[in-house]
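Below is one structure, written out as structure tokens, with a few remarks after it.
The values are calculated or read from the model by the stated rules, or taken from the named source; none is laboratory data. Everything numeric in this text was worked out from a predicted model, so none of it was measured. Reconstructed Cβ throughout: ideal geometry from the backbone, glycine too, with neighbour counts over all protein chains shown. Only protein heavy atoms, including side chains, enter the accessible area calculation; ligands, DNA and RNA are left aside. Shrake-Rupley method; radii C 1.70, N 1.55, O 1.52, S 1.80 Å.
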Amino acid sequence: MIEIVRITDCSTQEYQFTEELLTASFPEEEYRELAMLRKYVEKEKDFYYHIILHDEEPIGLVSFWQLSNYYYVEHLAVHTNKRGKNYGGLILSLLKERLQQIILEVELPNDETSMKRIKFYQRNGFHLLDYDYQQPPYRKGGRWIPMRLMTNCVSSSEQIPQIVKEIHQKAYHCIK
């Protein structure tokens with residue numbers, strides 16, 4: 001059975017597993033400094049940081065922000081030795097059931113890996129938004145990264161600028 005368990009204490013083995021998975025799964029420019037992450041995990045009420053368990057074994061992590069009308073999934077990762085076993089699809093099904101309205105960032109479809117990731121989300125009920133999106137830097141002096149947004153809920157292009165503004169304000173504490 002898949003469980004998504006919130007972490008609010010960074011001194012636990014569960015948190016250590018997720019931090020190691022995060023740093024192994026994403027380039028440094030795509031996650032915040034770990035001291036800031038720990039602060040958010042323990043104190044930020046609208047930030048949800050989870051370990052994913054399968055029959056009590058740690059297999060992944062997911063973090064998301066609760067925004068006004070939807071949830072922004074910031075990170076989703078499955079441990080390398082568990083990939084290709086449909087855990088990602090099962091996790092997304094659970095998230096869609098619990099959160100319902102989800103938006104997330106994906107890399108531009110410039111290579112096989114990014115195209116594979118986009119197709120994975122499409123198979124799981126998400127679609128690309130037609131919007132020129134830039135991910136703000138997580139770190140001081142970092143660069144803005146061109147990305148795409150995917151969602152299972154946004155259908156009107158008129159909503160997108162407000163959604164982007166809210167993501168940038170809440171998750172990145174900035175406005176471009």
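General observations
- Simple Cβ-charge dipole of the chain, Lys/Arg +1 and Asp/Glu -1, about Cα centre, in debye nearest 20: 300 debye
- Pairs spanning more than 24 Å between alpha-carbon atoms, out of Lys116/Lys170; Lys43/Lys116; Lys45/Lys96; Lys45/Lys116: Lys116/Lys170; Lys43/Lys116; Lys45/Lys116.
- For the pair Asp132 and Gln101, label points projected 7 Å from Cα toward Cβ lie 2.7 nm apart.
- Charge context of Ala171, other residues only, Cβ under 11 angstrom, K/R +1, D/E -1: -3
- Across the accessible surface of region 1-60, with the other protein chains kept in place and a 1.4 Å probe, carbon and sulfur atoms take up 46 percent.
- The string of couplings for region 36-48 from the Karplus curve (6.51, -1.76, 1.60, θ = phi - 60°) is 5, 4, 4, 4, 4, 4, 8, 10, 8, 5, 8, 9, 10 Hz, one whole number per residue in order, with x for Gly and Pro.
- A 1.4 Å probe run over the chain, with the rest of the protein chains in place, finds 54 Å² accessible per residue.
- Here the extension length gained between Ser155 and His168 equals 2.7 nm, from 0.36 nm per residue of separation less the Cα-Cα distance.
- Here is the P(r) of the chain: all C-alpha pair distances, binned every 10 Å from 0, give 9, 39, 40, 11, 0 in whole percents.
- For region 108-160: rounded, prolate or oblate by the Cα gyration tensor [a/c cutoff 1.5]: oblate
- Counting only protein heavy atoms and using a 1.4 Å probe, the accessible area of Met36 comes to about 80 Å².
- For Phe126, net neighbour charge (Lys/Arg +1, Asp/Glu -1) across residues whose Cβ lies under 13 Å away: +4
- Top positive-direction residue, dipole computed over the chain with Cβ charges, set Ala77, Tyr133, His50: Tyr133
- Computed from the C-beta positions of Lys82 and Met115, the FRET efficiency with R₀ = 22 Å rounds to 0.50.
- The chain - mean residue ellipticity at 222 nm from DSSP helices (-39,500 (n - 2.57) per run, n ≥ 4, rounded to 500): -10500 deg cm²/dmol
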